[in-house]
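To start, the structure under review is shown below, and the notes come after it.
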Amino acid sequence: MARRSFDASGATRPSRRVLLLQGLMGPLFRRLGEELAQSGHEVFKFNFNGGDRFYWRLPGGMDYRGSLEEWPDTLRAVIREKKISDVVLFGDCRPHHLAATKVCEDLQVPVHVFEEGYIRPDWVTLELGGVNGHSRLPRDPDWYRRVASTLPPVPEHKQVKSSFRRRALEGLAYNCADILTRWNYPHWANHRPWHPLIEGFGWAHKLARGKRRRKNSEQLVERLLASETPYYLFPLQLASDSQIRLHSPFASMTDALMLVLKSFAAHAPADTRLVVKEHPLDNGVCDWNEETRTIATMLGVEDRVDYMAWGDIVPVARAARGMITINSTSGTLALDMDVPVVALGQCVFDIPGITFQGELDSFWTQASPPDRELFNAFRRVLIERCLIPGGFFSEEALDKVVQHAVARLEGRQMLPD
């Protein structure tokens, strides 16, 4: 029996008609659909490939087999026919999602965007309208101070379990279902730059070198933390990340790596080092260690550049003189530890008083820590407007996310977990 949704006074809340587009590779949207239905809402879902369909397995699913050009008209017709009140999607920069956002704007249907958390760990982004470069949040420091002053303290926040193995297996199952059913989705083209088989080979190669990569990284971290030599940290982002392609001046991570290393070689103090940190979910298709070595050697700084292929970024970030990021949420991690940060792309935390506002060439010698009071205000508003507790890769984490997501869609607050 479906649960009814009630507000604080006990009155029944009106049910919503929610349309889900593409989610994360895994059961997130199925779990969200179940929770919405149990709360008395009607749920529909577009599946764009076999991976989407494999993880949905609920009523209300619709296979989209048309082209990207035909998609806006199809979506517009479905929204009108089914009287959709809300659209939910994961990642607002995928081609079908970019087109969907425009359609929803025309029809005045709110779009709720899931993403990895602006603040990690144990937070998930669920923002109205768009994230990062598409975010509606202002860049005015005084606005954050003013709004934060009206909010209560952050509710108690507990950690949730997360399994990298689970994430990898869910991604593998999704890609297998996609490949095996391509015949049924003739116009489907993955938003990621590689064929799933190429990604699979990349992961296999990376896993085969796992022990050696882990040992080398552990030794590097020990040296860094034991030494008094100052260093800067540059965490790489995924080459497939649409935040790079659409919300930064770079066409690829190689372009960004070249710019950062070139600036470091020319302008960083001679007694400093640069640590390039591999993204933990990099698929291994590109050998970023070799790429880093090649560029550093070309620039004559190979003896001052380290590559960290594995390991916890927290202790390394805490001891860094500064962090260079494009628009990674690693930036908020560093800022929360009072580490200076410069953002090279569009991101919600690139605000005067929080991040360095000058050119990268000046950052190496002129960076200063964030204004702690302002960052705390920014963080408080971010949690209130854009974040929900939980995660994607354990049952406990998913339970928390879907419950808070439904509460957010219904416009109600949940008690602390």
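The values are calculated or read from the model by the stated rules, or taken from the named source; none is laboratory data. Computed from a prediction, not measured in an experiment: that's the story for all the values here. Note that we place each Cβ from the backbone using ideal geometry, even for glycine, and neighbour counts take in every protein chain shown.
For the reader, a short list of remarks on this structure follows.
- Residue list for region 344-365, restricted to those being out of contact with any Pro (no Cβ under 8 Å at 6 or more places or on another chain), surrounded by 14 or more Cβ atoms within 10 Å (Cβ to Cβ) and among the polar types (S, T, N, Q): Q346, S362
- Restricting attention to region 168-193, the residues that are at pLDDT below 90 and more than 19 Å from G26 (Cα to Cα) total 1.
- Residues located in region 217-246, provided they are within 25 Å of the chain's Cα centre (by Cα) and under 25 Å from Q366 (Cα atoms): Y232, L233, F234, P235, L236, Q237
- Residue pairs whose Cβ atoms lie under 8 Å apart, separated by 6 or more positions or on different chains, with the first residue in region 156-182 and within 12 Å of G391 (Cα to Cα) and the second among the basic types (K, R), are V160/K400.
- Filter result for L151 (touching a strand residue (DSSP E or B) at 6+ places or on another chain (Cβ under 9 Å), at pLDDT 90 or above and of a type in the set (A, V, I, L, M, F, W, C)): no
- Condition check for D255: touching a strand residue (DSSP E or B) at 6+ places or on another chain (Cβ under 7 Å), of a type in the set (D, E, K, R) and not in a loop (DSSP other than H, G, I, E, B): no
- L259 vs. criteria touching a Lys or Arg at 6+ places or on another chain (Cβ under 7 Å) and aliphatic (A, V, I, L, M): no
- Verdict on V341 being buried (at least 18 other Cβ atoms within 10 Å of the Cβ), modelled with pLDDT of 95 or more and farther than 30 Å from Q403 by Cα: yes
- Criterion: aromatic (F, W, Y), touching a residue at least 60 places away in the same chain (Cβ under 8 Å), outside any strand (DSSP E or B) and out of contact with any Lys or Arg (no Cβ under 7 Å at 6 or more places or on another chain) - qualifying residue of F375, F392: F392
- Listed conditions (1) outside any loop (DSSP other than H, G, I, E, B); (2) surrounded by 16 or more Cβ atoms within 10 Å (Cβ to Cβ); (3) in contact (Cβ under 8 Å) with a residue 40 or more places away in the chain; (4) not basic (K, R) are all met by E218, apart from (2).
- Scan of region 109-148 for residues that are among the charged types (D, E, K, R), over 30 Å from R76 (Cβ atoms) and at pLDDT below 95, ordered by number: R120, D122, R139
- Pair list, Cβ < 7 Å and 6+ apart or interchain, from region 300-329 residues that are under 11 Å from P235 (Cα atoms) to residues that are assigned to a loop (DSSP other than H, G, I, E, B) and among the basic types (K, R): T329/R120
- Only listed residue being among the charged types (D, E, K, R), more than 27 Å from Q346 (Cβ to Cβ) and modelled with pLDDT under 95, chosen from D282, D287: D287
- Residue ID - farthest from A268 (Cα to Cα), chosen from residues in region 221-252 that are part of a loop (DSSP other than H, G, I, E, B) and among the polar types (S, T, N, Q): S240
One line per residue, one yes/no per condition, for (1) closer than 16 Å to F392 by Cβ; (2) acidic (D, E); (3) surrounded by fewer than 16 Cβ atoms within 10 Å (Cβ to Cβ):
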| site | (1), (2), (3) |
| --- | --- |
| E70 | no, yes, yes |
| H97 | no, no, no |
| C104 | no, no, no |
| V113 | yes, no, no |
| V131 | yes, no, no |
| V154 | no, no, yes |
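- Among the residues examined, P370 does not qualify as within 25 Å of P27 (Cβ to Cβ) and buried (at least 23 other Cβ atoms within 10 Å of the Cβ).
- Single residue of region 27-55 satisfying the filter (in a helix (DSSP H, G or I) and of a type in the set (D, E)) that is surrounded by the fewest Cβ atoms within 10 Å (Cβ to Cβ): E34
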